[in-house]
Amino acid sequence: MDISLSMVAKEAHQGLDGLPMPTPHKVAKKHKKAVLFFEVEILDAKTREKLCFLDKVEPQATIAEIKNLFTKTHPQWYPARQSLRLDPKGKSLKDEDVLQKLPVGTTATLFFRDLGAQISWVTVFLTEYAGPLFIYLLFYFRVPFIYGHKYDFTSSRHTVVHLACICHSFHYVKRLLETLFVHRFSHGTMPLRNIFKNCTYYWGFAAWMAYYINHPLYTPPTYGAQQVKLALTIFVICQLGNFSIHMALRDLRPAGSKTRKIPYPTKNPFTWLFLLVSCPNYTYEVGSWIGFAIMTQCVPVALFSLVGFTQMTIWAKGKHRSYLKEFRDYPPLRMPIIPFLL
């Protein structure tokens, strides 16, 4: 029996009940329309006043790039002075945050706060460290109008006074050199007002300590040379430890990067304190000033050590919390600044 091709085709399109089967068709795929550009409006965080409207902003634009665009319309607020956030009372966005990865729509609303006049960290550190170095030497050389005319440019007969000057000078020269060649700062600037606060603290304590240590009526430590030698040993060990930690932290962060990693001990024995504390640089710093206080047996030095320890404990706790939050595998035995205690 001859069956025409048309009959075969017809039967092929019929079901068991003789009804025609639906003709296959391609299912249209729904593609999410890519966002070509964003619109960004920047409001004052306090008054909610619209300060700027940016259109055709690239989705890959960073907060740093948005700050630069904002500066073009408001030159008085340079990028370092700006704080942009998603909520008026929220945290500042990081410069490296990408616009399309933020929880915003195609029209993003950012809130601006003025951080005030800014100054570089390097400038602040150099100023606050150079001051104590210079001020201490004025008292050490007993320049006129400090202790009276008969003591002008005289020298102390106590060895510990000269040793204390060497240690104090070494400490601040070390800090200056580290600022220039070792430290890598995650933030380029700080508020200008901080330089006055920091300099008052460092310069004021330096003058107070130096006045008594270099005073013509200064008396040496109670236990003499043994006390001085023990204190000098503590001071030197802690200074070496502090420098070793700074070098280890420097090696964790490539130049020009804000990368954060968990610091671990290296082959250098001074870095082994990382096994027990998150901020051994602060531990060694406090140890240095304790050694200096024992060496000079001077109350202002002891008070400076106590105030410094209090402030560094606050910083260490903050960094410790940050490490725990950022790294799930952070070593659980570490304490912020003092092994097993604090």
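The values are calculated or read from the model by the stated rules, or taken from the named source; none is laboratory data. Everything numeric here is computed off the predicted structure, so don't read it as measured data. Cβ sites come from the backbone with ideal geometry, for glycine too, and all protein chains shown count toward neighbours. Ligands, DNA and RNA are excluded from the accessible area calculation, which covers all protein heavy atoms including side chains. Shrake-Rupley method; radii C 1.70, N 1.55, O 1.52, S 1.80 Å.
Is there a residue in the stretch 258-270 that is part of a helix (DSSP H, G or I), crowded, with 20+ Cβ neighbours inside 10 Å and over 15 Å from the mean Cα position of the chain (by Cα)? Yes, the stretch 258-270 contains at least one residue that is part of a helix (DSSP H, G or I), crowded, with 20+ Cβ neighbours inside 10 Å and over 15 Å from the mean Cα position of the chain (by Cα). Here GLU285 passes the criteria (1) more than 26 Å from HIS162 (Cα to Cα); (2) in a helix (DSSP H, G or I) except the one numbered (1).
Considering ILE290, ILE294, ILE338, which residue is in a loop (DSSP other than H, G, I, E, B), out of contact with any His (no Cβ under 8 Å at 6 or more places or on another chain) and modelled with pLDDT of 95 or more?
Numbers: ILE290 fails: in a loop (DSSP other than H, G, I, E, B); ILE294 fails: in a loop (DSSP other than H, G, I, E, B).
After ruling out the rest, the residue left standing is ILE338.
The residue that is nearest to the chain's Cα centre (by Cα), counting only those in the stretch 157-192 that are without any contact (Cβ under 8 Å) to a residue 24 or more places away in the chain and in a helix (DSSP H, G or I), is PHE181.
Please verify whether the stretch 170-181 includes one or more residues that are basic (Lys, Arg) and crowded, with 16+ Cβ neighbours inside 10 Å. Even if it seems obvious, please write down each step before you answer.
Going residue by residue through the stretch 170-181, those that are basic (Lys, Arg) are 174-175.
Restricting the remaining residues to those that are crowded, with 16+ Cβ neighbours inside 10 Å gives 174-175.
Yes, the stretch 170-181 has at least one match.
Filtered by the rule that a residue be of a type in the set (Phe, Trp, Tyr) and surrounded by 15 or more Cβ atoms within 10 Å (Cβ to Cβ), the stretch 111-150 gives PHE111, PHE112, TRP121, PHE125, TYR129, TYR136, PHE139, TYR140, TYR147. Checking ILE195, ILE119, ILE146 one by one, the residue that is in contact with a helix residue (DSSP H, G or I) (Cβ under 8 Å, 6 or more places away or on another chain), in contact (Cβ under 8 Å) with a residue 24 or more places away in the chain and part of a strand (DSSP E or B) is ILE119 and no other. Looking at the structure I just gave you, is LEU126 modelled with pLDDT under 95, closer than 22 Å to LEU192 by Cβ and either of a type outside the set (D, E, K, R) or within 28 Å of the chain's Cα centre (by Cα) (or both)? Judged against the criteria, LEU126 is not a match.
Against the condition surrounded by 22 or more Cβ atoms within 10 Å (Cβ to Cβ), in a helix (DSSP H, G or I), in contact with a helix residue (DSSP H, G or I) (Cβ under 7 Å, 6 or more places away or on another chain) and at pLDDT 95 or above, how does SER244 come out, does it pass? Lay out the reasoning, then the answer.
On the way: surrounded by 22 or more Cβ atoms within 10 Å (Cβ to Cβ): no; in a helix (DSSP H, G or I): yes; in contact with a helix residue (DSSP H, G or I) (Cβ under 7 Å, 6 or more places away or on another chain): yes; at pLDDT 95 or above: yes.
When the stated conditions are applied, SER244 does not pass them.
Residue count for the stretch 34-69 satisfying the condition of being in a helix (DSSP H, G or I) and more than 25 Å from the chain's Cα centre (by Cα): 1.
I'd like the full set of residues that are open to solvent by 50 Å² or more (accessible area, probe 1.4 Å) and small (Gly, Ala, Ser), limited to the stretch 310-342. Within the stretch 310-342, no residue meets the criteria.
Which residue out of VAL236, VAL307, VAL299 is of a type in the set (A, V, I, L, M, F, W, C), touching a Cys at 6+ places or on another chain (Cβ under 9 Å) and open to solvent by 60 Å² or more (accessible area, probe 1.4 Å)?
Values: VAL307 fails: touching a Cys at 6+ places or on another chain (Cβ under 9 Å); VAL299 fails: touching a Cys at 6+ places or on another chain (Cβ under 9 Å).
Checking each option against the conditions leaves just VAL236.
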